[in-house]
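A short worksheet on the structure shown next.
Readers should treat all values here as calculations from the given coordinates under stated rules, not as data from a laboratory. Predicted model only: the values in this text are computed from it and were never measured. Cβ coordinates were reconstructed from backbone atoms using ideal geometry, including for glycine residues, and neighbour counts include every protein chain displayed.
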Amino acid sequence: MTARRFGILISGRGSNLGAIVDAWRAGGIQAAPALVISNVPDAPGIEIARRADVPVQILDHRTAGGREPHDRRMAEALEASGVTLVCLAGYMRLLSPWFIRRFPGRVLNIHPSLLPAFPGLNAQRQALEHGVKISGCTVHVVDEGLDSGPIVLQAAVPVEEGDDEESLSARILEQEHRLYHEAIRLFCERRVVLDGRRAQIQ
Ligand code: GRF
């Protein structure tokens, strides 16, 4: 399926959202961001979406009465906007199995480590504490596990002597901003083919 319209889910800062919207405005992605949903009412990313004239809905998960009811509400809004691809960009909640099955193989996430190393929260801190020499970021298809779905693209970022969480995160973030819209473009051009847990790029 060609994804002509995609949705973006956020919970916070929204810098990846901003980079994706900039790439779309520059003609780097044919498909359009049709809807941004924030589960956090005062997330800074909401303003980024508004300034870019991308429709935003605030759906506070605390008012939904559970994970799946919240996800059903999000799916309804996304589908009403014609969204066929869902991109998580700093969305800080696990999705329900119901939501994953509703958009099978069509939910992407970006994670600030070279998966499968350091899934979950504080990936950059985990990498520093482990003492790895190379970290980076991963765009992957979301499955029902934690940061465990098929890997679409990765970028490596060397860990430098003297790096702290802030400096490493900043260099990884630069790569995130480059990588995510590239993965969305490949997806929308139907060039990502899932074969078991391998995402083949054609
Ligand atoms: C990024 O580091 C991303 O990899 C992770 O959450 C952070 C979101 O940052 N999933 P932002 O909201 O896009 O600025």
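Remarks
- Note that the stretch 92-173 shows a convex hull volume over its alpha carbon atoms of 78 Å³ per residue.
- The chain - mean residue ellipticity at 222 nm from DSSP helices (-39,500 (n - 2.57) per run, n ≥ 4, rounded to 500): -10500 deg cm²/dmol
- Rounded Å value of the spacing that divides the Cα centres of the stretch 35-69 and the stretch 147-175: 26
- Pairwise Cα inverse-distance average, inverted: Kirkwood Rh of the stretch 2-51 (Å): 11.0
- Within the chain, the whole DSSP H helices whose Cα atoms reach 24 Å or more along their own axis and whose mean Kyte-Doolittle score is at least -0.5 are 165-188.
- Candidates Ala80, Ala34, Ala127, ranked by Gaussian network fluctuation over the chain, Cα under 10 Å, top entry: Ala80
- Highest GNM mean-square fluctuation among Val107, Val139, Val192, for the chain modelled with Cα contacts below 10 Å: Val192.
- Listing Cys87, Cys188 from fewest to most neighbouring C-beta atoms within 10 Å gives Cys188, Cys87.
- Sequence-separation-based contact order of the stretch 31-114, relative, with Cα cut under 8 Å and 6+ spacing, percent: 26
- Residue exposure sequence - Thr63, Thr84, Thr138 - by fewest surrounding Cβ within 10 Å: Thr63, Thr84, Thr138
- Magnitude of the charge dipole, the chain, Cβ model with Lys/Arg +1 and Asp/Glu -1, debye to 20: 840
- Inter-label distance, Gln30 to Arg5: 1.8 nm, where each label sits 7 Å from its Cα along the C-beta direction.
- Of all segments of the chain bounded by GluC sites (Glu not before Pro) found in a DSSP loop with no more than 16 other C-beta atoms within 10 Å, the longest spans 1-143.
- Estimated translational D of the stretch 30-175 in µm²/s (Stokes, Kirkwood radius over Cα pairs; 10 °C; 1.306 mPa s): 96
- Protection proxy ranking, peptides 116-122, 95-101, average beta carbon neighbours within 10 Å, highest first: 95-101, 116-122
- Remark: Met92, Met74 ranked as Met92, Met74, counting other beta-carbon atoms within 10 Å and listing the fewest first.
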